[in-house]
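Undergrad: The structure is given below, and queries will be raised subsequently.
The values are calculated or read from the model by the stated rules, or taken from the named source; none is laboratory data. Here the structure is a predicted model, which is why all the values come from computation and not from measurement. No Cβ is skipped: glycine too gets one built from the backbone with ideal geometry, and neighbour counts run over all protein chains shown.
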Amino acid sequence: MAKFVKVGRVGDLADGQAKVVQVDGLRIALFYVGGRFYALEAACPHEGGPLADGVIEGLRIVCPWHGYDFHLKTGECGLDPDLRALTYPVKVQDDDLLIEMA
């Protein structure tokens, strides 16, 4: 059964910012872009680069190590269709940020 885990508050991130949170031993990158929150696995699926340290371009995060880009909502990679970052649903409840964990 899926559960939602509190990972912060709405005011923790300004638009265009990211941070890494830890949930159940997993490192998850949390992004705030265009008034919406997104969550992806923190390590790039290409070679483990820190996605939260990458450049946000629209709704894509570009890994700082090798330039692989991932869509914040779907996790799809723009350079390699066989590569995908894990995504996690995010919801706002009152002023809390919650990530859905399966």
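Undergrad: With the condition being β-branched (Val, Ile, Thr), exposed (fewer than 15 other Cβ atoms within 10 Å of the Cβ) and modelled with pLDDT of 95 or more, I'd like the strands (runs of 3 or more DSSP E) fully within region 19-72 carrying at least 1 qualifying residues. Can you show your working first?
TA: Working: elements: 26-33, 36-41, 55-57, 60-62, 69-71.
Fully inside region 19-72 and qualifying: 55-57.
Undergrad: Give region 76-102 a look and list any residue that's assigned to a loop (DSSP other than H, G, I, E, B) and surrounded by fewer than 19 Cβ atoms within 10 Å (Cβ to Cβ), or say none. Break it down into steps so the answer makes sense when it comes.
TA: First, the residues of region 76-102 that are assigned to a loop (DSSP other than H, G, I, E, B): 78-83, 85-86, 89, 94-95, 102.
Matches in region 76-102: Gly78, Leu79, Asp80, Pro81, Asp82, Leu83, Leu86, Pro89, Asp94, Asp95, Ala102.
Undergrad: Ok, one more. Restricting the first residue to region 84-102 and requiring it to be of a type in the set (A, V, I, L, M, F, W, C), which pairs with a second residue that is in a loop (DSSP other than H, G, I, E, B) and surrounded by 14 or more Cβ atoms within 10 Å (Cβ to Cβ) meet a Cβ separation below 8 Å and a spacing of at least six or different chains?
TA: Qualifying pairs under 8 Å: Ala85/Cys44; Ala85/Pro45; Ala85/Gly75; Leu86/Pro45; Leu86/Gly75; Ile99/Pro89.
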